[in-house]
Amino acid sequence: MANTTVDLDHALAVATDLAIQAGEQLLTRARERITPSGAQLTIAQKLNAVDLVTEADEDAEKVIRNGLKKHFPDHAFVGEESYGQGMPNNEYIVGDEPTWVVDPLDGTVNYIHLFPTVCVSIGLCVGGVPVVGVIYAPFFGAAYPPDGSASAAPSGHLFTAIQGRGAFISSDGGKSRRALPLQSPAPPIPPNAPKGCTLAVEWGKDRRDVPGGNLERKVNSFWNLAGEIGGRNGKGGMVHGVRSLGSATLDLAFVATGAIDIFWEGGCWEWDVCAGICILVEAGGIVVDCNPPEGFDPSVSSTTPIPAAPLGGRRYLAIRPCSDSPESSETAREAQDRLVREVWKRVEGVTYSRPGL
């Protein structure tokens, strides 16, 4: 556990208020777009045609940044929009000091198209470790009243966690909370996993059509995990279903609930995963490198615990919370590591460089 003098309860309260404030602002703007006046959204392209930013992203980040600076003037701040303008080399800059890591609108493409998997993500790191996580998904709930008016109170899904104190979900602005995962005790990992599991993946922004590139490696990995048992040269995993929410933050949140068993992704940034990692780990899940380690031999079993993925490493494999197996002596963590190795057998490693790590 990170050694910190930060009042984590106060940090969570402030982050929750700001996440809801920013989320309701995003929701109001979305409602304005479906009124007869048809308010327009200004969209700008960053790296390519699927890497987009809107004034809604930027305004939401200003709300969050100003609020955090007011309450925590000595803390560092890393936000997706401000970082993108000031760090052209993509250097990793989360240090040991208390650092807020913020994505003001994860799921920008979804937001542009009025697809509801959109959220605000606010995480606090101390010693480079996420210790507070807040995710607010404003579209989950009564997003569009018939008359287009604002709802009386926040009704989206709010995910929260403090290191060492568990993770929770709320649908009424945090007034009532339910512990994560949603099933208690969490079901064990199936003995023949990944068969029988739900898998979340994202296509990402790297769409270069080059042999052996990240896009090709991702597609092959998706295909392997989804393919029938015995297919794909023995790599077929026959997962129950493959989901792509368009928001890595919400992918992690739903792994924390137990609704998604596996999340495999390369190309995310720390603001995409910081809050989600905190929430998932507090719910009992794990996050490791999506790439198998050098020299990995799928035919050799191991009981060595798999280390956690670094926050800024851009490669993540998340496994849901689970309980010990009643049919065997396998512990929950052993089952999670077993599933990680089964996924590693079926995926092709992806490459994302990162100065500073």
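Read-outs: derived from the displayed coordinates by stated rules, not from any lab. These figures come from a predicted structure and were not determined experimentally. Ideal geometry is used to build each Cβ from the backbone, glycine not excepted, and the neighbour counts take in all protein chains shown.
Structure values in brief
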item: Rounded FRET efficiency, nearest 0.05, which uses the C-beta distance separating residue 208 from residue 331 and R0 of 41 Å; result: 0.50
item: Estimated 222 nm signal from helices in the chain, with DSSP H stretches of n ≥ 4 weighted -39500 (n - 2.57), rounded to 500; result: -9500 deg cm²/dmol
item: In Hz, Karplus ³J(HN,Hα) per residue of region 293-304 (6.51, -1.76, 1.60; θ = phi - 60°; x = Gly, Pro); result: x, 4, x, 4, 10, x, 8, 9, 7, 8, 10, 6
item: Angle between the chain longest axis and helix 248-257 axis [Cα atoms, degrees, rounded to 10]; result: 70 degrees
item: Sparse-neighbourhood loop sites, GluC sites (Glu not before Pro) in region 309-357 - DSSP loop, at most 10 other Cβ within 10 angstrom; result: 327
item: Between 0 and 90°, nearest 10: helix 332-344 axis offset from the chain longest Cα axis; result: 80 degrees
item: Theoretical FRET efficiency, 1/(1+(r/R0)^6), r = Cβ-Cβ of residue 244 and residue 5, R0 25 Å, to 0.05; result: 0.05
item: Cross-link pairs beyond the 22 Å C-alpha cut-off, checked among 70/175; 218/345; 62/205; result: 70/175; 62/205
item: Contour minus Cα-Cα distance for residue 113 and residue 165 (0.36 nm per residue); result: 15.1 nm
item: Around residue 298: net Lys/Arg minus Asp/Glu count, Cβ-Cβ under 11 Å; result: +2
item: Extension reserve of the residue 302-residue 175 stretch, reckoned as 0.36 nm per residue once the Cα distance is removed; result: 41.3 nm
item: Angle in degrees between helix 55-71 and the longest Cα principal axis of the chain, rounded to the nearest 10; result: 80 degrees
item: Formal net charge of residues neighbouring residue 177 (Cβ-Cβ distance under 13 Å; K, R +1; D, E -1); result: +1
item: Rounded to whole Hz, the Karplus (6.51, -1.76, 1.60) HN-Hα couplings of region 161-172, x for glycine and proline; result: 7, 10, 3, x, 10, x, 10, 9, 10, 9, 10, 9
item: Long-range amide H partners of residue 77 with built H, under 5 Å; result: 100
item: Residue exposure sequence - 158, 215 - by fewest surrounding Cβ within 10 Å; result: 215, 158
